[in-house]
Amino acid sequence: MSRTTEILLALAAAALVLLLAWAVPWLRFVLTIALAKGLAVLGILLLLRAGQVSFGHALFLAFAAYAVAFGASTIPEALILLPLAAIGAALLGLVIGLFVVRYREIFFGMLNLALSMVFYSLLEKFYAITHGTDGIRLPPITFAGQTLGSEAQGWAMLVLALVLALGFGALVRTYLASPMGQALAGIKTREARLEFMGASGRSVLLAAYVLSALMAGAGGAVLAMTSRHVTPALAYWTASGELVFIAILGGAGSVFGPFLGAVAYELTRVYAAALVADAWQMILGMVLLLVILFAPGGLWGMGRALLARRRAA
Amino acid sequence: MADWLSQNGLLLGLAALDGLSSAAAIFMVAVGLNLVFGVLRILNIAHGSLYAIGGYAAASLGLFLTARGLPAWMSLPALVVAAALVGVLLGPLIERLLLRRVEGQEPVLQLLVTFALFMVLEDLQKLVWGVQPVVSDTPVRLLGNVEVPFGADTIPFTAYQLFVLPGIALLTLVGLAWFLRRTLAGRMIVAVTEDREAARAMGIDAAKVTLLCFTAGAALAALGGALASPTASLVPGVGAQTIVLSFAVVATAGLGRVEGAAVTALLIGLGRAFAVYFEPELEVVVPYIIMVLVLLVRPQGLFGTPETRRI
């Protein structure tokens, strides 16, 4: 797909999101949450290029969400809180990254999982600071200095999420095409060869890891400001699993995948929960099984295959 | 220090006993996970669900026996029977229908298949057993308490947790080590774990070994759950908790030897029990702290062998 087509497609998708949110008001919230999660999934996609699965990226999302919740009482301004929380998550990603990039495959996955579970326990156990499983409700925040009503606030968050999605999507696409991004694939195929060429596998992975933490942080900040309530469940390992789920559901082959997957995931979840309240998780699990068994390229891969077939006919 | 010891000595002893019994259950799950990973190279996330289902099945069977007015001693073999049933019914089903179909695919997809399975089993378990806590402690009450001598004092502790749990775990450890090293079937498993291709070239039916191992692993997870079920009530989410704990054990031990899983389960079980009695806030964190510390020093785990780099 050429660059112009992709830009046009991204803009069309953004317009479609706005149109949907306008036509079906309750979708606005769902779409904002989906875009926020899509940002975190973009980071998973980066690491997947290196063949590494992090089963703990909800840590960065939850860290930024709590940072927003704590910061909102001192600086109640969305446009300052968001970058601060995201940069905080990136710094945490740098510290944790320095440690975890020394490991590969299941050790990498498990260490990420372990660290996110440590963070989860801290959030849950230190009731005096975090209010445990009750979580924290966000105080009202301003948007570019304006105090908005709940309707306008909802729109502002959706537009913010869209802008972030477009921006980070373009960044990740450029990154993957750059030498640093190409080297990621080298970690997956044979790291020793990469190092013989003079590139350090650890540094390559670390750069991607920090970027992924930054994006998960941005997603977490949007999530916190949209749902206006943060709980430790954001950091539980199943939340990290959900991010990997979305990456595969959408397809790891393109930066469109994470957002497509996140929207499909959130919509399935909403409908499944409304249809069978006790078994929504089972339905999601079955959807995932079907995708892996019959469409391992994810939704994006499926769409491309259909398109290619039509063109060939 | 001496002062603190005399004050908290009994608590220390109790923590050690508690740690031993919880280590026994963790070991059963972790060793099963290790076995499955060795042969399939898949870290089975649904392994924790098998633990939970084993526990629920054992509790149901126990309650059924009591309701029928059958003698209480039957609740002990019922634990093993329930676990074996879960393993034999679910193990081959999962391996044949799901895991075999993603054989040779990308590791991420294989991992996610088990995550999807975990989501399905988690809800299935809620549909079958509900969300109310389930408890069946007949085996614990049957065997009563023993007074464990500790210095000048004695600590009352349940005989079930002191003898049955660690006893069965020890039996599993010795039995499995013997099976893997001394029997033909066991050596076939080791061969497939070491090098699948070479093992097949020697005429070993790798598909059959895989099926056998997965079933055995599932049964071990279910047995862990079944054995732990009389000591604590079962609630939704217990599977999710167990799996991360056994991941921690497996990663700390490194992949490979059965004995490694035992030592690490003991380390983590004791660590957690001491935390429960002395720093309850840290209970959940302790296993991961142990894991992170071990991997800092030995990246391949306590008992793993470093992999040679291929070019």
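Things to note:
- Over 28 Å (Cα to Cα) - which of A:K37/A:K125; A:K125/A:K188; A:K37/A:K188 fall in this group: A:K125/A:K188
- Folded to 0 to 90 degrees: helix B:238-253 orientation relative to chain B principal axis, Cα: 70
- Dividing the summed -39500 (n - 2.57) terms of all DSSP H runs of n ≥ 4 by the residue count of chain B sets its mean residue ellipticity at 222 nm at -24000 deg cm²/dmol.
- Computed on segment A:3-236, with alpha-carbon pairs under 8 angstrom and 6+ residues apart, the relative contact order is 44 percent.
- Value of relative contact order over chain B, rounded to a whole percent, pairs C-alpha under 8 Å and six or more apart: 36
- With R₀ set to 22 Å, the beta-carbon distance separating B:W73 from B:F163 gives a calculated FRET efficiency near 0.90.
- Modelled FRET efficiency - R0 45 Å, A:A185 with A:R310, Cβ distances, 0.05 increments: 0.95
- Rg to Rh, two decimals, where chain B supplies the alpha carbon set and Rh follows Kirkwood: 0.98
- If R0 is taken as 22 Å, the Cβ-Cβ distance between A:L20 and A:M302 corresponds to a FRET efficiency of 0.60.
- Aspartates and glutamates with Cα under 12 Å of B:K208, excluding same-chain neighbours fewer than 8 positions away: B:E95
- With Cα atoms, 0 to 90° folded angle of helix B:2-40 axis to chain B main axis: 20
- Global size of segment A:34-133 as Cα Rg and Dmax, reported in angstrom: 14.4, 41
- Fully extending the segment from B:F179 to B:T305 would add 43.2 nm, taking 0.36 nm per residue of separation and subtracting the current Cα-Cα distance.
- Estimated [θ] at 222 nm from DSSP helical runs (n ≥ 4, -39500 (n - 2.57)) normalised by residues in chain A, nearest 500: -26500 deg cm²/dmol
- Hydrophobic long helices, here whole DSSP H runs in chain A with Kyte-Doolittle means of at least 1.0 and Cα atoms spread over 18 Å or more along the helix axis, are found at A:3-23, A:25-49, A:58-71, A:78-100, A:105-125, A:150-177, A:201-227, A:237-250, A:256-275, A:280-294.
- Helix B:184-194 axis, angle to chain B major axis (alpha carbon atoms, nearest 10°): 70
- Springs join every pair of Cα atoms under 10 Å in this Gaussian network model of chain B, and among B:V146, B:V190, B:V81 the largest mean-square fluctuation is at B:V146.
Where a number appears in this text, it was derived from the coordinates with a stated rule and is not lab data. Predicted model, so just to flag it, every value in this text is computed and none were measured. Cβ sites come from the backbone with ideal geometry, for glycine too, and all protein chains shown count toward neighbours.
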